[in-house]
1. Percentage of Cα-Cα pair distances in the stretch 37-111 greater than 22 Å, rounded to whole percent?
2. Between residue 102 and residue 220, what is the FRET efficiency for a Förster distance of 22 Å, r being their Cβ-Cβ separation, to the nearest 0.05?
3. Counting other C-beta atoms within 10 Å, which of 46, 66, 206, 81 has the fewest, and how do the rest follow?
4. Fully extended, how many nm does the chain gain between residue 79 and residue 65 (0.36 nm per residue separation, minus their Cα-Cα distance)?
5. What does the charge count around residue 205 come to, taking other residues whose C-beta lies under 15 Å from its C-beta (Lys +1, Arg +1, Asp -1, Glu -1)?
6. With the calculation restricted to Cα positions, what are the radius of gyration and Dmax of the stretch 87-165 in angstrom?
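Readers should treat all values here as calculations from the given coordinates under stated rules, not as data from a laboratory. Values in this document were obtained by computation on a predicted structure and should not be read as measured data. A quick note on method: Cβ atoms are made from the backbone with ideal geometry, for glycine too, and the neighbour counts reach across all protein chains shown.
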Amino acid sequence: MFIVDLMAATANAAPQNKFGFAEALQQGGFIAYATVTILGIMSFGSFFILFTKWFEQAKILRQYNSLRGNFWRANSLREGSTKLEKNSAWRQVVDDGLTAEEQHSKMVDSMEAHDWLHGSLARSEATINARLASGLPFLATVGATAPFIGLFGTVVGIYRALINIGIAGSASIDKVAGPVGEALIMTALGLLVAVPAVLAYNYLQSRNKRIAEHLSGFSTDVLANINSRGVVKPAAIAPASSKAAAAATTKPVTTTPTNTTVKQ
């Protein structure tokens with residue numbers, strides 16, 4: 001019993017920590033809670049967009065790797081489109097190109113087929129790129145505004161510290177430690193939310209640029225295939241047998257020298 005009473009007395013005599021995160025929020029009141037809530041929503045939205053867009057980009061890149069080995073081996077674009085996944089970006093480009101070709105055959109004006117097909121495929125690329133870029137403005141907004149939201153909480157915390165100093169008539173540590181600690185916490189939270197958002201934006205933007213390059217090249221190949229009635233196919237992703245045949249035809253032929261008599 002003596003030991004228990006001693007431990008209880010020690011616990012009661014121990015100083016209570018009044019400068020934790022919860023205490024800082026309580027001292028900040030509505031403004032502190034509102035600032036933390038806004039920063040929490042921004043952080044959750046940033047990570048949600050990061051993971052969802054990353055999986056979407058990974059799926060498109062995986063489809064592109066599969067496309068290189070299977071699509072151009074088909075006899076026609078329409079047959080090749082059936083090998084692509086439904087609702088994929090690559091199938092959309094092919095379907096839009098075939099649709100534009102059918103529409104041009106029904107047109108009565110003198111617009112050239114190349115211009116019409118090129119414009120239709122460009123619109124298809126723009127639609128896909130716009131869908132891939134959705135959500136990135138939110139990351140840019142979070143990266144640009146989160147530090148200022150944290151700074152707003154910092155300014156309010158410092159203002160409250162100055163008010164407490166004025167009321168107390170002296171700058172004692174117990175009057176200013178809580179508001180100043182709250183101010184520092186808000187600044188740290190703002191940076192903690194902004195930095196991952198900026199990194200995620202730059203990372204996703206770089207992957208979108210790579211996908212846009214693949215889309216542009218694929219669209220150009222589809223346009224050339226349509227204009228040539230299926231004759232032109234990308235040589236870089238032709239079947240291995242065709243590459244071997246091409247290498248065999250371009251291999252230099254060595255001949256053995258023969259004795260010839262040159263008449264003077």
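1. 48 percent
2. Computed FRET efficiency for residue 102 and residue 220: 0.60.
3. If I rank by nearby Cβ atoms, fewest first, I get 206, 66, 81, 46.
4. On the way: separation 14, 0.36 × 14 = 5.04 nm, distance 1.83 nm.
Gain in length upon complete extension: 3.2 nm.
5. Net of charged neighbours comes to +3.
6. 25.7, 83
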